[in-house]
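This report concerns only the one structure given below.
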Amino acid sequence: MSTLNPYLSFKDNAREAMEFYQGVFGGELNVSTFGEYGGSDDPGAPPDDGVMHAQLVTPSGFTLMGADTPPGMEFIPGTNIAISLSGGPDEADELRGYWEQLSADGTVGVALEKQMWGDEFGMVVDKFGIGWMVNVGGAGQE
């Protein structure tokens with residue numbers, strides 16, 4: 001089954017914010033850093049301890065995701081939310097169909113293609129100005 005979740009963007013305080021939400025809602029928080037996926041010495045690269053992805057799954061069934069905004073990407077408080085669509089290989093066709101429709105007349109920020117963590121992932125702002133992130137987990141993995 002595909003899932004649809006809010007995805008929050010932060011400016012260098014994603015870990016603090018997600019830990020706060022864990023305190024509010026309870027549940028299990030998983031955090032991945034940029035350093036875990038190779039990091040970089042490039043001065044424009046995100047810091048190794050920056051949050052690349054965090055996911056809080058609560059006892060009530062809520063899932064809240066978030067990350068630090070990498071250098072070079074715009075961060076505007078008040079507009080720092082996107083909607084995340086995700087699923088596994090069984091939902092790949094469904095998710096790619098959503099991508100095709102959402103990206104029609106939209107602005108693609110990251111093409112839907114295999115990423116360093118192994119999943120297909122893309123980011124688009126649809127024709128109405130809503131940000132979407134599509135992740136096809138395990139797609140094409142052997």
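The values are calculated or read from the model by the stated rules, or taken from the named source; none is laboratory data. Just so you know, these numbers come straight off a predicted model, no measurement behind them. Reconstructed Cβ throughout: ideal geometry from the backbone, glycine too, with neighbour counts over all protein chains shown. For the accessible areas, the whole protein counts, side chains as well, though only heavy atoms, and no ligand, DNA or RNA atoms are used. Shrake-Rupley method; radii C 1.70, N 1.55, O 1.52, S 1.80 Å.
Might you let me know whether region 48-58 holds any residue that is under 22 Å from Arg15 (Cα atoms) and small (Gly, Ala, Ser)?
Within region 48-58 (the criterion being under 22 Å from Arg15 (Cα atoms) and small (Gly, Ala, Ser)), the answer is yes, since at least one residue qualifies.
Kindly indicate the residue of region 112-142 that is under 16 Å from the mean Cα position of the chain (by Cα) and exposed (fewer than 13 other Cβ atoms within 10 Å of the Cβ) and also modelled with the highest pLDDT among those meeting that condition.
Glu113
Is there a residue being hydroxyl-bearing (Ser, Thr, Tyr) and touching a Leu at 6+ places or on another chain (Cβ under 8 Å) anywhere in region 68-80?
So the first thing to find is which residues in region 68-80 are hydroxyl-bearing (Ser, Thr, Tyr), and the list is 69, 79.
Of the ones still in play, those that are also touching a Leu at 6+ places or on another chain (Cβ under 8 Å) are none.
Checked against the condition, which is being hydroxyl-bearing (Ser, Thr, Tyr) and touching a Leu at 6+ places or on another chain (Cβ under 8 Å), region 68-80 yields no hits at all.
Which of the residues that make up region 22-39 are of a type in the set (A, V, I, L, M, F, W, C), over 17 Å from the mean Cα position of the chain (by Cα) and either surrounded by 15 or more Cβ atoms within 10 Å (Cβ to Cβ) or not in a helix (DSSP H, G or I) (or both)?
First pass over region 22-39, keeping only residues of a type in the set (A, V, I, L, M, F, W, C): 24-25, 29, 31, 34.
Next, only the ones that are over 17 Å from the mean Cα position of the chain (by Cα) stay: 24-25.
Once the filter is applied, which keeps residues that are of a type in the set (A, V, I, L, M, F, W, C), over 17 Å from the mean Cα position of the chain (by Cα) and either surrounded by 15 or more Cβ atoms within 10 Å (Cβ to Cβ) or not in a helix (DSSP H, G or I) (or both), region 22-39 yields only Phe25.
Can you name the strands (runs of 3 or more DSSP E) wholly within region 59-142 that have at least 3 residues being in contact with a helix residue (DSSP H, G or I) (Cβ under 8 Å, 6 or more places away or on another chain)? So that I can check it myself, show each step before the final result.
Values: elements: 63-68, 81-87, 107-114, 120-125, 131-136.
So the answer is 63-68, 81-87, 120-125, 131-136.
If the requirement is being over 28 Å from Gly50 (Cα atoms), in contact with a strand residue (DSSP E or B) (Cβ under 8 Å, 6 or more places away or on another chain) and charged (D, E, K, R), which of these qualifies: Glu94, Glu100, Glu113? Even if it seems obvious, please write down each step before you answer.
On the way: Glu100 fails: in contact with a strand residue (DSSP E or B) (Cβ under 8 Å, 6 or more places away or on another chain); Glu113 fails: over 28 Å from Gly50 (Cα atoms).
Of Glu94, Glu100, Glu113, the one residue that is over 28 Å from Gly50 (Cα atoms), in contact with a strand residue (DSSP E or B) (Cβ under 8 Å, 6 or more places away or on another chain) and charged (D, E, K, R) is Glu94.
Going by what's in this entry, would Gly72 be described as under 21 Å from Thr3 (Cα atoms) and of a type outside the set (Phe, Trp, Tyr)? Don't jump to the end; show me each part of the working.
Numbers: under 21 Å from Thr3 (Cα atoms): no; of a type outside the set (Phe, Trp, Tyr): yes.
It is false that Gly72 is under 21 Å from Thr3 (Cα atoms) and of a type outside the set (Phe, Trp, Tyr).
Say whether the condition of being in contact with a Lys or Arg (Cβ under 9 Å, 6 or more places away or on another chain), open to solvent by 60 Å² or more (accessible area, probe 1.4 Å) and either within 19 Å of Gln115 (Cα to Cα) or not hydroxyl-bearing (Ser, Thr, Tyr) (or both) is met by at least one residue in region 49-59.
Yes, because at least one residue in region 49-59 is in contact with a Lys or Arg (Cβ under 9 Å, 6 or more places away or on another chain), open to solvent by 60 Å² or more (accessible area, probe 1.4 Å) and either within 19 Å of Gln115 (Cα to Cα) or not hydroxyl-bearing (Ser, Thr, Tyr) (or both).
I'm trying to understand the selection: among the residues of region 76-85, which are closer than 14 Å to Gly131 by Cα and either open to solvent by 60 Å² or more (accessible area, probe 1.4 Å) or among the hydroxyl-bearing types (Ser, Thr, Tyr) (or both)?
Here is the first cut: in region 76-85, the residues closer than 14 Å to Gly131 by Cα are 76, 78-85.
Scanning region 76-85 gives Ile76, Gly78, Thr79, Ile81, Ser84.
Gly97 passes all but one of (1) free of Cβ contacts under 8 Å to residues at least 12 places away in the same chain; (2) small (Gly, Ala, Ser); (3) open to solvent by 60 Å² or more (accessible area, probe 1.4 Å); which number fails?
Gly97 satisfies every listed condition except (3).
If you go through region 4-21 one residue at a time, do you hit one that is in a strand (DSSP E or B) and either free of Cβ contacts under 8 Å to residues at least 24 places away in the same chain or open to solvent by 80 Å² or more (accessible area, probe 1.4 Å) (or both)?
Checked against the condition, which is being in a strand (DSSP E or B) and either free of Cβ contacts under 8 Å to residues at least 24 places away in the same chain or open to solvent by 80 Å² or more (accessible area, probe 1.4 Å) (or both), region 4-21 yields at least one hit.
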